[in-house]
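What follows is a short report on a single structure.
The values are calculated or read from the model by the stated rules, or taken from the named source; none is laboratory data. A quick note: this is a predicted structure, and the numbers were derived from the prediction, not measured. Neighbour counts are summed over all protein chains in view; Cβ atoms, including those assigned to glycine, are modelled from backbone coordinates with ideal geometry. Each accessible area value is taken on the protein alone, full model and side chains, heavy atoms only, with ligands, DNA and RNA left out. Shrake-Rupley method; radii C 1.70, N 1.55, O 1.52, S 1.80 Å.
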Amino acid sequence: MKLLLVEDELRMADALKELLSQEGYDTDCFYRGDEGLAAILSGQYDCVILDVMLPGLSGLEVASQSRKAGIHTPILMLTAKSELDDKVAGLDAGADDYLTKPFQPRELMARVRALCRRGLPSADDRLCAGDLALDTRSLTLYCVASGQSVHLSEKECRVLEYLLANQKRVLSKEQLAVKIWGYDNEAEYNKVEVYISFVRKKLMFVGSRVEIKAVRGAGYELRWESA
């Protein structure tokens, strides 16, 4: 799971990042609201931990603009304020949950786990688009129209899962590279092209109408025609 932490108190940010790392989460940290918003809009994260009081943009503004941009990533909002009106404002801005400082690490982790589960594919671990269904548990790609199926490699599955989770959005090579291989990986962008080619062949194999279209100078997008 890849998490985003947006917190301007450096000691708090360091402590939370260490805690999340110990729990097995790959966490990126930003200290300004505008930087956090840009990171959220990249669509790379499974969950966001967002402070309310931030320089640049407030957490409320970040959450609101993220939702207006069509980002559905679960957001846990952190604040030192405990009044009901503040909680309502956070939830109305687009946050999925709200945690008041100071808090116990165990409660934070429980809420993060709950939000990450909420952000996963449907109960049967499938993502769908057009005549296509991807079972992320068995790494199997199905075409409803043809009845054909094919097994995917782990990386092929992750590439297609990311595209399916961001339907009607153009994803850049950088977004795909970071999401699949991570910031610290030295993989070049041609690795993205190679796996896009692999997935395209699998789509053709099952006879799906869904295609991965290259958008010149921008990236890739899933497209399909209605029957």
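At a glance:
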item: Total residues in the range 1-34, condition aliphatic (A, V, I, L, M) and not in a helix (DSSP H, G or I); result: 5
item: Test for G70: is it open to solvent by 20 Å² or more (accessible area, probe 1.4 Å), of a type in the set (G, A, S) and in contact (Cβ under 8 Å) with a residue 40 or more places away in the chain; result: yes
item: Filter result for E23 (of a type in the set (D, E, K, R), open to solvent by less than 20 Å² (accessible area, probe 1.4 Å), more than 14 Å from the chain's Cα centre (by Cα) and farther than 21 Å from N166 by Cα); result: no
item: Qualifying residue in the range 140-158 (condition: open to solvent by less than 60 Å² (accessible area, probe 1.4 Å), within 21 Å of the chain's Cα centre (by Cα) and farther than 17 Å from F198 by Cβ); result: no
item: Count of residues meeting criterion [in contact with a helix residue (DSSP H, G or I) (Cβ under 9 Å, 6 or more places away or on another chain) and assigned to a loop (DSSP other than H, G, I, E, B)] in the range 35-73; result: 16
item: When residues of the range 165-181 are limited to those that are open to solvent by less than 20 Å² (accessible area, probe 1.4 Å) and farther than 11 Å from S42 by Cα, the one farthest from the chain's Cα centre (by Cα); result: A177
item: Count of residues meeting criterion [at pLDDT below 90 and more than 17 Å from Q175 (Cβ to Cβ)] in the range 23-53; result: 3
item: Qualifying positions in the range 34-67 - touching a residue at least 60 places away in the same chain (Cβ under 8 Å) and polar (S, T, N, Q); result: S42, Q44
item: Flag for M1 being open to solvent by 60 Å² or more (accessible area, probe 1.4 Å) and either farther than 17 Å from C116 by Cα or of a type in the set (F, W, Y) (or both); result: no
item: Test: A93 is small (G, A, S), open to solvent by 10 Å² or more (accessible area, probe 1.4 Å) and farther than 29 Å from M204 by Cα; result: yes
item: Residues satisfying the stated conditions in the range 74-98, i.e. within 23 Å of L41 (Cα to Cα) and either in a loop (DSSP other than H, G, I, E, B) or in contact with a Lys or Arg (Cβ under 7 Å, 6 or more places away or on another chain) (or both); result: P74, L76, L78, T79, G94, A95, D96, D97, Y98
item: Odd one out for A227, checked against (1) touching a Gly at 6+ places or on another chain (Cβ under 9 Å); (2) buried (at least 16 other Cβ atoms within 10 Å of the Cβ); (3) among the small types (G, A, S); (4) modelled with pLDDT under 90; result: (2)
item: Restricting the range 119-137 to residues that are over 15 Å from Q167 (Cα atoms) and modelled with pLDDT of 75 or more, the residue that is surrounded by the most Cβ atoms within 10 Å (Cβ to Cβ); result: T136
item: Pairs where the first residue, in the range 138-153, is free of Cβ contacts under 8 Å to residues at least 40 places away in the same chain and the second is open to solvent by 60 Å² or more (accessible area, probe 1.4 Å) and of a type outside the set (A, V, I, L, M, F, W, C), C-beta under 7 Å, 6+ apart; result: L139/H151; L139/E154; T140/H151
